[in-house]
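The values are calculated or read from the model by the stated rules, or taken from the named source; none is laboratory data. All of these numbers come straight from a predicted model, not from anything done at the bench. All Cβ positions, even for glycine, are placed from backbone atoms using ideal geometry, and neighbour counts span all protein chains on display. With ligands, DNA and RNA removed, areas are computed over all heavy atoms of the protein, side chains included. Shrake-Rupley method; radii C 1.70, N 1.55, O 1.52, S 1.80 Å.
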Amino acid sequence: GMNLTLTWHRLRADELNNLGGNPALSQLRSHDLGEEFTATLRWGIDRNLYLQLVASRALPGRALKAIGADEPWSTLQASLYLSF
């Protein structure tokens with residue numbers, strides 16, 4: 001069978017103090033890190049072959065925009081699993 005999952009993540013920081021992380025993000029100006037939208041397709045092609053495709057789009061929130069990381073980014077992944 002085939003399965004399509006759509007997921008939305010709201011990314012928020014628990015606190016504004018992020019010491020020990022990336023220096024540009026050590027003191028956040030907002031708890032809002034951004035949002036991510038993901039589509040995952042899983043397909044059992046046959047008994048021994050399984051395909052997984054993942055496409056994701058992330059939009060920066062106020063905390064990232066404040067440090068100049070204001071461009072959205074995308075990821076694509078394809079995995080093919082074979083079992084014997």
Handout entry: Length-normalised contact order for the chain - Cα pairs under 8 Å, 6+ apart - percent
Key = 28
Handout entry: Protection proxy ranking, peptides 20-33, 53-66, average beta carbon neighbours within 10 Å, highest first
Key = 53-66, 20-33
Handout entry: the stretch 18-34 - phi-based ³J(HN,Hα) in whole Hz, Karplus 6.51/-1.76/1.60, Gly and Pro as x
Key = 10, 4, x, x, 4, x, 5, 10, 5, 10, 7, 8, 8, 7, 7, 8, x
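Rg/Rh for the chain: what does it come to with C-alpha atoms and Rh from Kirkwood? Can you show the working numbers first?
Numbers: Rg = 17.5 Å, Rh = 15.0 Å.
My calculation puts Rg/Rh at 1.17.
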Completion exercise
Length gained, LEU4-SER74, 0.36 nm per residue minus C-alpha separation, equals 23.4 nm
Exercise for the section: With all protein chains present, calculate the accessible area of GLU36 using a 1.4 Å probe and round the result to the nearest 10 Å². Expected result: 60
